[in-house]
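Heads up, the thing below is written out as structure tokens.
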Amino acid sequence: MPPLRNTGADREAEGPEYAGDYRLQACLGAGGMGVVHLAASASGLRLAVKVVHARYAEDPEFRARFRQEVAAARRVSGAFTAPVVDADPDAVRPWMATLYVPGPTLSDQVKRNGPLAPAELRRLTAGLAEALRDIHRAGVVHRDLKPSNVLLTDTGPKVIDFGISRPVDSDLHTETGKLIGSPPFMAPEQFQRPREVGPAADVFALGSVLVHASTGHGPFDSDSPYIVAYQVVHDEPDLTGVPADLAPLVARCLAKDPAERPTPAQIMSALLPPSYAAEAFIPAQRRRPALPDGRDEASGPTPAWDADTPVRATAPVPPRRRPRPGRTGLGRVRLRPRPTLAVLAALALAGAGLYAALTPPAGGTPEPPARPEEVATAFAGWHTGLQKHGPTAAPACSYGGGALYCAARGIGLARLDPVTGRVLWSRTTPVESDSPKPPLLLADGLVGAATPTGPLRAYATEGGVPGWSADADLPELYRPAGSAVVLSDGRGGTRAVDSRTGKELWRHGLAGFDTPRLGPYDAVAGLTTVSETSADGTRTRVGALSPRTGEVLRQRSLEGDLDPLGLTGDGAVLLTSRYQASLSDTLVLLDPESGSVRRLALPYRIDIRGIAVRGAVVHVLDADGHLVAFDTAAPKGRVLWELETGAGNVSEPVLGPGDRLYFAAQDGRVLAVDTARGALIGQTRPRLTNGRMEYAPLVPAPLVVGDRVFGTAPDGSVFAVDARDPASW
């Protein structure tokens, strides 16, 4: 590595050529604490790398603060921030690398183009409230939210600069007598009681930011920071120019008493109907930073970094280690079924409906994956617009028998050629759905399709001729179960039909359960998981259901509000313990042989979207694209690596051949991760509806078949890419 140059007074004299293994290509901005550089990873991923000034590197207090900045940035969600990729707070010159986020700051946008239009302002309000919700959920208070710390991107606002943020449980407190923050956007308690600053201070700052965005000035304006401080503590805010429909909400955010301010969740609720219908703010192109060879940086507009703009980082937490494979032997399940690794893969996919694609036809053998010779040497990929008219939604697909079956909005079922993407036949449905269900592979050359409110109907795989139909009085959820399909109306009504004929096998309540939840099907044991949590959330009953008879063969009552997710490679049942709402703080492993229970604390509370398990390593993906590899074989569990992908509202993860993991994002991207290194190795381009980001209640997971990955997108399309070269996507 070239030596660090620390002589001279100009910026270049202070600039190293490398930060860790990242070559610094161009300067994006500089401030009082450090310089932010454009850089690239080995795979070509564009990064923004913050390197602190040399004069602060020897200051123990600054190093402690920088470590806290890195820790805070890692804790918060990457959907609304610039996610951290790497950092070394203990280097000679501490540095932190985050994904490069193209887009102007809110400060620059208002300065150049004036106040935001009402629709843009409403979307900004929703985006920043969502960002604060996730930041606070991670236990962090930002404490310096201001226009220059908000980046405007085509996927919504991003909050940056955690330089003075503080985790709620941090031991590093504000030093008495020091004023830390930006006075025009600070809350009264930051001037009066700095040690007691909590999440409500960020809500006050949000109110000030919204006034600036809508008027071009703050609610408390003066050339003197001392006068501003007096106004913040004692005067009423100036809301002149704030749109009438937002002014009351902004006024509540600017309440002097922290207890009177709304929470971020309450702000989001107050914006209903959802702001997703508003046009996304797409920032104007800005001059790109020149690279050392004179070329323009090709990724888009340059973010304006201010004095201490940190770049948020992901993952070098514990040293990255290759996950240890667990035992994968298959054992026939008895009264105490010992689940298998094959079932685990199905469990990890079931929430997105993809288990249907892997379920063997009744009475037959499982559909083999595509053979290597079936995959072209150079697969060019394809893209098919399955839905042509009306509001679009991401289709949901299944694979079996060498064919791809998909359902889309207005299309109940379509068969596609997996090699060319050509639609071979399709069947329309009058029922419109924002969350199409994946088709269900049945027996004897049948494929099933259902809408949220319609019946489950079977069609012939050749030609799509209608077959049997299982009508329902109430909308039902269904789970494929070998030669049967189990259906539940969510109110305690449970039944099963024969997958060949559609004939009802049984219909009754399940012994020991009032309103059971259907889980995945264990093809080896021939059992479907059922569970139910008590009304007070203190206990969860877990059982195994025989799909052909409706008999519950085994039940266990466990402490906590638990949700069965899958199995480990050693056959233990894997559940998560919900802390509150959708947040989980513990992995629970139930040994089906001995009945013993192990509880492993997760590194923090996670909104789990799904899991993928390889051996004893559980890959936990949260709703905002943060991926954690967790070794359950360690006595207390152990984090192998973490990766912040920056994708928001994601699908369940899916494992592929080798050390590969795939998942989809709300904007239609499919992302590929190397699970051996914990590295993002490729992603497809976004495929949005008319270039707009709409809310997707469910993001279908991709399908991995041999050397191909099939994905779906919110523009109503289905596409295929070559799994062998994710970097080329």
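For the stretch 56-93, taking the residues that are open to solvent by less than 20 Å² (accessible area, probe 1.4 Å) and of a type in the set (S, T, N, Q), the one that is nearest to Gly648 (Cα to Cα) is identified as Ser77. For the stretch 638-663, the set of residues classified as surrounded by fewer than 20 Cβ atoms within 10 Å (Cβ to Cβ) and at positive phi consists of Asn649, Gly658, listed by residue number. Only one of the listed residues (Ala449, Ala458, Ala511) is exposed (fewer than 14 other Cβ atoms within 10 Å of the Cβ), touching a residue at least 40 places away in the same chain (Cβ under 8 Å) and either over 18 Å from Gly543 (Cα atoms) or over 34 Å from the mean Cα position of the chain (by Cα) (or both). That residue is Ala511.
Look through Val620, Val588, Val628, Val613 and report the one residue that is in contact (Cβ under 8 Å) with a residue 40 or more places away in the chain and not in a loop (DSSP other than H, G, I, E, B).
Values: Val620 fails: in contact (Cβ under 8 Å) with a residue 40 or more places away in the chain; Val588 fails: in contact (Cβ under 8 Å) with a residue 40 or more places away in the chain; Val628 fails: in contact (Cβ under 8 Å) with a residue 40 or more places away in the chain.
Matching residue, one of Val620, Val588, Val628, Val613: Val613.
Within the stretch 533-557, the residues that satisfy the criterion of being surrounded by 20 or more Cβ atoms within 10 Å (Cβ to Cβ) and modelled with pLDDT of 90 or more are Thr540, Leu545, Pro547. When the residues of the stretch 479-494 are filtered to those that are in a strand (DSSP E or B) and without any contact (Cβ under 8 Å) to a residue 40 or more places away in the chain, the one that is nearest to Ala443 (Cα to Cα) is Leu487. Applying the criterion of being crowded, with 16+ Cβ neighbours inside 10 Å and either modelled with pLDDT under 70 or in contact with a strand residue (DSSP E or B) (Cβ under 8 Å, 6 or more places away or on another chain) (or both) to the residues of the stretch 178-193, the residue that is farthest from Ser208 (Cα to Cα) is Ile180.
Sort through Gly20, Gly44 and tell me the only one that's at pLDDT 85 or above and within 30 Å of the chain's Cα centre (by Cα).
Working: Gly44 fails: at pLDDT 85 or above.
So the residue among Gly20, Gly44 that is at pLDDT 85 or above and within 30 Å of the chain's Cα centre (by Cα) is Gly20.
Per the conditions (1) part of a loop (DSSP other than H, G, I, E, B); (2) under 15 Å from Pro726 (Cα atoms); (3) of a type in the set (Gly, Ala, Ser); (4) within 13 Å of the chain's Cα centre (by Cα), the sole criterion not satisfied by Gly646 is (2).
When you look at Pro118, is it touching a residue at least 40 places away in the same chain (Cβ under 8 Å) and open to solvent by 20 Å² or more (accessible area, probe 1.4 Å), yes or no? Against the criterion (touching a residue at least 40 places away in the same chain (Cβ under 8 Å) and open to solvent by 20 Å² or more (accessible area, probe 1.4 Å)), Pro118 qualifies. Considering only residues that are among the basic types (Lys, Arg) and more than 15 Å from Val530 (Cβ to Cβ), look in the stretch 487-503 and name the one that is least open to solvent (accessible area, probe 1.4 Å). Per the stated criteria, the residue is Arg500. Within the stretch 206-238, can you find the residues that are among the aliphatic types (A, V, I, L, M) and at pLDDT below 95? If the condition is that a residue be among the aliphatic types (A, V, I, L, M) and at pLDDT below 95, then Ile227, Val228, Ala229, Val232, Val233 are the ones that fit.
Condition check ((1) of a type in the set (Gly, Ala, Ser); (2) assigned to a strand (DSSP E or B); (3) over 22 Å from the mean Cα position of the chain (by Cα); (4) under 30 Å from Arg609 (Cα atoms)) across all residues:
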position	(1), (2), (3), (4)
Gly29	yes, yes, yes, no
Ala72	yes, no, no, yes
Ala79	yes, no, no, yes
Thr98	no, yes, no, yes
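The set of residues in the stretch 257-282 being modelled with pLDDT of 90 or more, crowded, with 16+ Cβ neighbours inside 10 Å and either touching a Phe, Trp or Tyr at 6+ places or on another chain (Cβ under 6 Å) or assigned to a loop (DSSP other than H, G, I, E, B) (or both) consists of Arg261, Pro262. Condition check for Pro520 on (1) closer than 30 Å to Ala443 by Cα; (2) at pLDDT 90 or above; (3) crowded, with 20+ Cβ neighbours inside 10 Å: one failure, at (2). Number of residues in the stretch 218-244 that are part of a loop (DSSP other than H, G, I, E, B) and either free of Cβ contacts under 8 Å to residues at least 24 places away in the same chain or surrounded by 13 or more Cβ atoms within 10 Å (Cβ to Cβ) (or both): the value is 15.
I'd like the full set of residues that are open to solvent by 30 Å² or more (accessible area, probe 1.4 Å) and closer than 25 Å to Leu386 by Cα, limited to the stretch 667-686. Correct list: Arg669, Gln683, Arg685, Pro686.
The values are calculated or read from the model by the stated rules, or taken from the named source; none is laboratory data. Every value quoted in this text rests on a predicted model; they were computed, and no experiment measured them. Reconstructed Cβ throughout: ideal geometry from the backbone, glycine too, with neighbour counts over all protein chains shown. Just so you know, the surface numbers come from the protein's heavy atoms only, side chains and all, with ligands and any DNA or RNA stripped out. Shrake-Rupley method; radii C 1.70, N 1.55, O 1.52, S 1.80 Å.
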